[in-house]
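Enquirer: Take this structure, written in structure tokens, and hold onto it; I'll ask about it next.
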Amino acid sequence: MKKTIIFLLFCLVTVLAQAQTDTRREVELVTDSGTIRIALYNETPLHRDNFLKHVQNGDYNGVLFHRVIKNFMVQAGDLASKTAKPGQQLGDTPEAYSIPAEICFPKLYHKRGALAAAREGDNVNPERASSSTQFYIVWGQKFTDKQLEWAQERMDKYTDGKAKLTPELIETYKTQGGTPHLDGSYTVFDEVVDGLGVVEKIQKAATDGNDRPVNDIRIISAKVIK
């Protein structure tokens, strides 16, 4: 009887531990274009914890979406953008550290609404380490079979043929949209669970020659809500 009770307690602890692992932390980004709620993946713990740290420290309060490309993505997180002058080029602010890549493809991929870490190019960053603060939210487009063939060719080039689109991903990119050509090269670490319409609105903004919105689009506040 005693052994049975111990075994049942062990099973309960295991189930609770698994439930804790499956629970995803959520963050609310209040922007001047609307509110975006995102859920962070537990499969990328270094990026998850780093993002939560910045949110809890208030680092994202007041930053701009400094790089916006229609039918592609919206990027934020350059801390110097808080005090940027009109027309100032942004995105190259020095950072104290980077985060080791946690690329979990094909489980985590660049579907519409995915949030990934920005980074420097392969020529200076062959390990594909992530920016400590900058991130982008995917909008992308819906892909045809021919466009997906192009995307796979690009993926083959930049991942030495290691990243392959699965039938499930192909269907998602055809019906929901995204940026498959980035798969296998950047760390995807969370996703939009509410407010995708806000992302759609931001990615349509008029921009200058550096892809910075002509009229500033700002994250007013960021807070952990779960």
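Enquirer: Only residues that are under 13 Å from Gln134 (Cβ atoms), polar (S, T, N, Q) and either free of Cβ contacts under 8 Å to residues at least 12 places away in the same chain or touching a strand residue (DSSP E or B) at 6+ places or on another chain (Cβ under 7 Å) (or both): list them for region 48-104, please.
Expert: Asn50, Gln75, Ser81, Ser98
Enquirer: Here's something else I'd like to know. Name the single residue, out of those in region 157-166 being open to solvent by less than 100 Å² (accessible area, probe 1.4 Å) and in a helix (DSSP H, G or I), that is farthest from Cys104 (Cα to Cα).
Expert: Across region 157-166, the extreme among qualifying residues is Tyr158.
Enquirer: Within region 40-76, how many residues are in contact with a helix residue (DSSP H, G or I) (Cβ under 8 Å, 6 or more places away or on another chain) and either open to solvent by less than 10 Å² (accessible area, probe 1.4 Å) or of a type in the set (Ser, Thr, Tyr) (or both)?
Expert: Of the residues in that region, 10 qualify.
Enquirer: Out of curiosity, is Lys226 modelled with pLDDT under 95 and either exposed (fewer than 12 other Cβ atoms within 10 Å of the Cβ) or farther than 30 Å from Lys53 by Cβ (or both)? It would help to see each step written out before you state the result.
Expert: Working: modelled with pLDDT under 95: yes; either exposed (fewer than 12 other Cβ atoms within 10 Å of the Cβ) or farther than 30 Å from Lys53 by Cβ (or both): yes.
It is true that Lys226 is modelled with pLDDT under 95 and either exposed (fewer than 12 other Cβ atoms within 10 Å of the Cβ) or farther than 30 Å from Lys53 by Cβ (or both).
Enquirer: While we're looking at this one, here's another question. Here are Asp59, Asp32, Asp49: which of them is more than 19 Å from the chain's Cα centre (by Cα) and modelled with pLDDT of 95 or more? Step through it out loud before you land on a result.
Expert: Numbers: Asp59 fails: more than 19 Å from the chain's Cα centre (by Cα); Asp49 fails: more than 19 Å from the chain's Cα centre (by Cα).
Exactly one residue qualifies, and that residue is Asp32.
Enquirer: Which residue, of Arg154, Arg112, is in contact with a strand residue (DSSP E or B) (Cβ under 7 Å, 6 or more places away or on another chain), open to solvent by 40 Å² or more (accessible area, probe 1.4 Å), among the basic types (Lys, Arg) and modelled with pLDDT of 95 or more?
Expert: Every option except Arg112 fails the conditions.
Enquirer: Whether any residue in region 146-167 is in contact (Cβ under 8 Å) with a residue 40 or more places away in the chain and in contact with a His (Cβ under 9 Å, 6 or more places away or on another chain) is what I want to check.
Expert: The answer is no, given that none of the residues of region 146-167 is in contact (Cβ under 8 Å) with a residue 40 or more places away in the chain and in contact with a His (Cβ under 9 Å, 6 or more places away or on another chain).
Enquirer: Are any residues in region 170-181 closer than 22 Å to Arg24 by Cβ and either open to solvent by 10 Å² or more (accessible area, probe 1.4 Å) or among the aromatic types (Phe, Trp, Tyr) (or both), and if so, which ones?
Expert: Within region 170-181, Thr172, Gln176 qualify.
The values are calculated or read from the model by the stated rules, or taken from the named source; none is laboratory data. What you see is a predicted model; the values in this text were computed from it and never measured. Positions of Cβ are generated from backbone atoms using ideal geometry, with glycine treated the same way; all protein chains shown enter the neighbour counts. To get the accessible areas, we keep the full protein, side chains included, count just its heavy atoms, and leave off ligands, DNA and RNA. Shrake-Rupley method; radii C 1.70, N 1.55, O 1.52, S 1.80 Å.
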